[in-house]
Amino acid sequence: MPPAKKVHSNSSYLPAPLWKLKPHRSQKIWGTERWLFSIHPNGASTVDGGLFNGKTLAAAIEEFNAAQPHSPAIPLPPILVKIIQTHEALSVQVHPNNAYARRHENSYGKSECWFFIDHEPQATVISGFRTALRRQKKNENMHPSPFKDTRNTFPHTQSPQIPQNPKNTEDTENTENNDANNDIRQLFLSGDKKAIEKELRYLKVETGASLYIPAGTIHAIGKGITLLEVQQSSDITYRLYDYGRDRETHLEKSLAVLDRNATGIHYPPASYKKIATPYFTIEPQTLKKGEQQPFTFSPPLANQTTILVVLTGALKISTPSSPIDEKNSSENTSAKTRHFTTISTEHPSSEHSNTIIAEHEDCLYAPNGGHFLLESPNETTSYVKIEAFLSPSASSETSY
């Protein structure tokens, strides 16, 4: 690795840079994926501009840490943020939890959340089984999901709460699932399209709604949908059914990790301000033309990191010209009481640089955290604030 560029600072951390990231793009048989924020080797996002221009996100963080050897190292955020657009349905699939993924795949597990941006009329997703298959086998080794949502209608009028301690399912590998799920094995071995689809739970998509899919939940994204997906940093997918397409399926692995009772957790549009999961939070926001709003990227010592994704419109982003008293500051503090100067990705500490303009699908990340001011210059702007939790134990046990 080449030596890190020297950046001088009088504080314990370098001046707060703001990185705009370039996504990794891939074409799939069913549509397209853009990995906006990714440290994963299968599709790393890169820094767009500035001192670390062209570096993968993981490499940029590594060099950034090397440039401040006397400060605590900034960990690699174990999160992956995507934009998914479909013109065909994805396979019916399931993802492993942390325990199974660590043991069998040297990876994190994969729990994920979808925020629906746009869709064709009558677009649907699959989340869980219908009632007939959503029953628990009597087996003392089975672990019922704490994320269970047994209601069949969509949308719901209330949003269920995620339990505070889901460790029993995420960190426990269930070795008895394959035998207990023999009826599901026979269903998918039959290849009977009508029989399979009859047992799956189809949900109508609504723009602005969200759906949390814990590891172990059978699911699929239908055709004609654009969504933001926030997930653990994992690329492990086990397919049960692929609509006759000539791709590998993974029936036995799927049965090993499947929670037949899990149906996901749905959040109707305008019914929530923030979605909290064990791995990240998602907070949709809107700024009207000309509005300003303070915005804080969490500092490294907060054990979480902040990601900002612009969905529609554009954001003008500036930074305070003088330090802010963190005890007395909050995102609700009026921006009129502060003095701001512009910031650029090329010279983060300069007070004479150009303003950052973040547009449609731009992803922003401040490795040191920091306070900024957001403004919608031309039109109403929608964006999402994501807080990814940094777990030292998880980071040390997996490759990514």
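At a glance:
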{"read-out": "Residue selected from the range 239-254 under the condition outside any loop (DSSP other than H, G, I, E, B) and of a type outside the set (Lys, Arg), by the criterion surrounded by the most Cβ atoms within 10 Å (Cβ to Cβ)", "value": "SER254"}
{"read-out": "Test: residue in the range 275-286 that is surrounded by 18 or more Cβ atoms within 10 Å (Cβ to Cβ), touching a Phe, Trp or Tyr at 6+ places or on another chain (Cβ under 9 Å), modelled with pLDDT of 95 or more and farther than 30 Å from PRO72 by Cβ", "value": "yes"}
{"read-out": "Verdict on GLU291 being surrounded by fewer than 21 Cβ atoms within 10 Å (Cβ to Cβ), out of contact with any Phe, Trp or Tyr (no Cβ under 6 Å at 6 or more places or on another chain) and not assigned by TED's automatic domain parsing to the domain that holds ILE83", "value": "yes"}
{"read-out": "Single residue of GLY264, GLY208, GLY222, GLY216 found to be among the small types (Gly, Ala, Ser) and surrounded by fewer than 21 Cβ atoms within 10 Å (Cβ to Cβ)", "value": "GLY208"}
{"read-out": "Those strands (runs of 3 or more DSSP E) lying entirely in the range 295-400 with at least 1 residues surrounded by 21 or more Cβ atoms within 10 Å (Cβ to Cβ) and at pLDDT 80 or above", "value": "304-312, 315-320, 356-358, 363-365, 370-375, 381-389"}
{"read-out": "Checking ALA99 against (1) outside any helix (DSSP H, G or I); (2) at pLDDT 90 or above; (3) touching an Asp or Glu at 6+ places or on another chain (Cβ under 6 Å), the condition it does not meet", "value": "(1)"}
{"read-out": "Every residue from the range 188-218 that is part of a strand (DSSP E or B) and touching a Phe, Trp or Tyr at 6+ places or on another chain (Cβ under 8 Å)", "value": "LEU200, ARG201, LEU203, LYS204, SER210, LEU211, TYR212, ILE213"}
{"read-out": "Flag for ILE39 being assigned by TED's automatic domain parsing to the domain that holds TYR202, at pLDDT 95 or above and closer than 24 Å to ILE357 by Cα", "value": "no"}
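The values are calculated or read from the model by the stated rules, or taken from the named source; none is laboratory data. The structure displayed is predicted, hence computed values, not measured ones. Please note: Cβ atoms are built from the backbone with ideal geometry, for glycine as well, and neighbour counts cover all protein chains shown.
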